[in-house]
Structure formats: C-alpha cells, structure tokens
Amino acid sequence: MPSGFTTRPPFEQAPADLRAAIEAAVGSRIAGTESIHGGMSPGPAALLTLRDGRQVFAKAVAASMSSESHLLYLRELETLRVLPPTVPRAPLVAGVEHDGWVVVVTEAADGPALGPPWRSQDVATVADAIATSAALVDLPTLAPAIARMSDLDGWRTLADEHPDRLDDWERARINGLVEISDGWRTWTAGRHLVHLDVRRENAVPHGDAVWLVDWASACHGAGWIDTASLAVDVLASGHAGGHQVSLSVAQGLLAQLPYEATRFVVAVAGMLRCSSFLPAWPVLPTVRDRQGHRALMLRPLVERLVSR
Ligand SMILES: Nc1ncnc2c1ncn2[C@@H]1O[C@H](COP(=O)(O)OP(=O)(O)OP(=O)(O)O)[C@@H](O)[C@H]1O
Ligand SMILES: [Mg+2]
C-alpha cells in the first residue's frame, strides 16, 4: 500500500445481507472477490467476479464508518447517472443503498490504477482523457467548483493566523504566495465538467486509454482545473524519470494552460501546507503527513511559478 493511505477492510468482511443486496442489484451471484487496498476511504473495495462471467468493481461504505465517505459515494452515484457515455469513466452498473450502507458498482477496468510512479505515456493518456471530459459543458445537476473544492486560502490563513508555522522559504515569499492565490473562488468558475480529484490512483487503464474513476467531487468549473491537478499529482507523486523530469512534465502541462492554472497550483500548495497542521483526523490518520509531504514536493514548481 502506498504510504499516506488508509487501511480498507477486506470485502469479505462486508455483512452477508449487504452482499445479497449487491447480488440482487447486479442480477448475479458473486463468485469471487479480490479486495483492493489503498485509497482514502475506510470502506471495502473489490473487483467482483460474477457467476454470469462479468467482472465489476464495487466500493462500499457505511455511514457509521464515515458519514463523509457515505455522502461522497451518494454524490458519486448521482454524478455517474448523469455523465454522458463519451466521458472516459467506468460505466455505472448499480447503486445500492442498504441498511446504512451505500455501494457504488461499476464495470471493472482492465488494469490496476496507474503507478506509482508516473510515466510520460500515462501522463499523456490521462491528459487526453481529461481533454475529452473537460470539453463537456453545462451538464445538469453538477455543483459549482467552489462548492466542492477545498478552501484554497491556505497561504493567507498561515500568514494571518499562524505566521510562526511558516518556514524560512515560505516567509521570504509569503506576500507573493497570498497574492497569487487570491480570488480563486472567481477564477476557478466555469461551465466545464471537472472531475476535481485527478490523481494517479483515480486513473485506471482500460483498453488503450484510461478511465477516470472516483467522481465524488465532480462539479462544473474552469476547463483547465483537471489538467492543473494532473500537473500537481505528477510532481507530488513522482515520475519514473526522477524529480527533474516530473518538474518539466508538470511545467509542460501548465505551459498549455491559462495563467489561472499556475495560480491554482500555488494555491493548492498553500491548502496542503495549511491543512497539514490541522488536528489528526481519526478516519484518515495518515492524511496530515501526506498533505505536508505533497506540499513539500510541490515547492520546486511553486518556486518557479512565484518567481517568474
Ligand atoms: N472500475 C474500476 N476498475 C478497476 N479498479 C478500480 C475501478 N474503480 C476504482 N478502482 C480502483 O480502486 C481504487 C479505489 O477506488 P475509488 O477511488 O473510486 O474509491 P474511493 O473509496 O473513493 O477511494 P479514495 O478514498 O482513494 O478516493 C482506485 O484507486 C482504483 O485503483
Ligand atoms: Mg480514489
């Protein structure tokens, strides 16, 4: 399991009546399960082989495990029901709500999630998938980006409320970091379909393309948000070619985007850094360390963006 991730219970531990409800919804008995580990949700996820020969992916969570994850899975079901078939996503097979649980069942992709680390070919394939999805505008029922995004005022919060937490590098640049991040509620707005959680864990190879999975945060916003998030993840998760390559790949992605995408990367770094100081979250005990680590991984890129 990659560091910074939570421990998911094996799918076999799901209650028998939940399993029966899944079987009823998909119209076949479950013949085999292959649990998937990693991720940041506390419920089980697995590839299920069905008696009728199909293979599906299922992830389940009970409200008693995490009310946040439960809400996210319900939202994801809503989104998967409205995404047109042209969007590179795992098609929805069934949504199950049973005894406080919610289960998302989709078609299974051919391969496991990409990496780590990123490879240039994978970056290109994911960038293509994003381009297809971001080309869609005005989908019904999606919330605006500001309703789904984390608070990106991290640099301002650190500057105003916790200047002692800034290290020397940050203190020397804090005015620029705040200024570049300001106004994100306005400049992230737009009509385009935004996945909003593009990370290598949420891109699974299928055929010669990829499916974006985990649509719980989908919204409408600026058309560059997902590509900028890809740049962030290439740098934060690492590239097979090493750090200099991940830096130039991330810069190459940003070079094709409007200046707001650069502002977004700087603001995301501030959000991660600020969040890393928040109290531990029992549902996800590793998340604060992961946020701090990702903020540091972004620093060389932020340095270039701030001083350009
Ligand atoms: N359709 C699919 N086919 C194969 N594997 C999948 C599929 N969908 C998701 N996965 C794998 O399962 C993992 C967890 O799925 P997903 O991200 O949708 O769940 P989640 O509970 O929202 O997880 P997280 O907390 O990591 O965001 C993914 O990282 C991916 O590796
Ligand atoms: Mg995920």
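Quick note: the coordinates plus some simple rules give every number you see, no bench work behind them. Quick caveat: nothing in here was measured; it's all calculated off a predicted structure. Counting neighbours? That spans all protein chains shown, and the Cβs are built from the backbone with ideal geometry, glycine included.
Quick notes on this one:
- Two-site label geometry, Thr132 and Ser307: point separation in nm, points 7 Å out along Cα→Cβ: 4.1
- Per-residue ellipticity at 222 nm computed for the chain from its helices equals -13500 deg cm²/dmol, with DSSP H segments shorter than 4 residues left out and the rest contributing -39,500 (n - 2.57).
- Amide proton proximity set for Ala31, modelled H, under 5 Å, gap of 5+: Thr49, Leu50, Arg51
- The coefficient of translational diffusion for segment 11-107, derived via Stokes-Einstein from the alpha carbon Kirkwood radius under 25 °C and 0.890 mPa s, stands at 182 µm²/s.
- Think of each Lys and Arg Cβ as +1 and each Asp and Glu Cβ as -1; about the Cα centre, that makes the dipole of segment 11-107 roughly 220 debye.
- To the nearest ten degrees, helix 16-26 and the longest principal axis of the Cα atoms of the chain are 90 degrees apart.
- With each label modelled as a point 7 angstrom along the Cα→C-beta vector, the Arg165-His37 pair spans 3.2 nm.
- Subtracting the Cα-Cα distance of Ser150 and Ala255 from 0.36 nm times their residue separation leaves 35.4 nm of extension gain.
- Evaluating 6.51 cos²θ - 1.76 cosθ + 1.60 at θ = phi - 60° for every residue in segment 266-272, the Karplus couplings come out as 4, 5, 5, 4, x, 4, 5 Hz, glycine and proline recorded as x.
- Between Ala209 and Arg185, the FRET efficiency estimated from the beta carbon spacing at R0 = 41 angstrom works out to 0.80.
- Cβ-derived FRET efficiency at R0 30 Å, Thr286 paired with Gln13, nearest 0.05: 0.90
- Since only Val210, Ala60, Leu177 are under comparison, the one whose Cα sits farthest along the positive direction of the charge dipole of the chain, derived from C-beta charges on Lys, Arg, Asp and Glu, is Leu177.
- Furthest towards positive pole of dipole, Ala16, Leu92, His239, structure part the chain, Cβ charges: His239
- Each peptide in 91-102, 261-272 receives the mean, over its residues, of other Cβ atoms within 10 Å, and ordering these scores from highest gives 261-272, 91-102.
- Taking a ≥ b ≥ c as the square roots of the eigenvalues of the Cα gyration tensor, an a/c ratio of 1.5 or more together with a/b larger than b/c marks the chain as prolate.
- Overall form of segment 166-260 per C-alpha gyration tensor (a/c, 1.5; a/b vs b/c): oblate
- Under the shape rule built on the C-alpha gyration tensor, where the axes satisfy a ≥ b ≥ c, segment 250-308 is prolate, since a/c reaches at least 1.5 and a/b is greater than b/c.
- Charged side chains reduced to their Cβ positions (Lys and Arg at +1, Asp and Glu at -1) give the chain a dipole of some 300 debye around its Cα centre.
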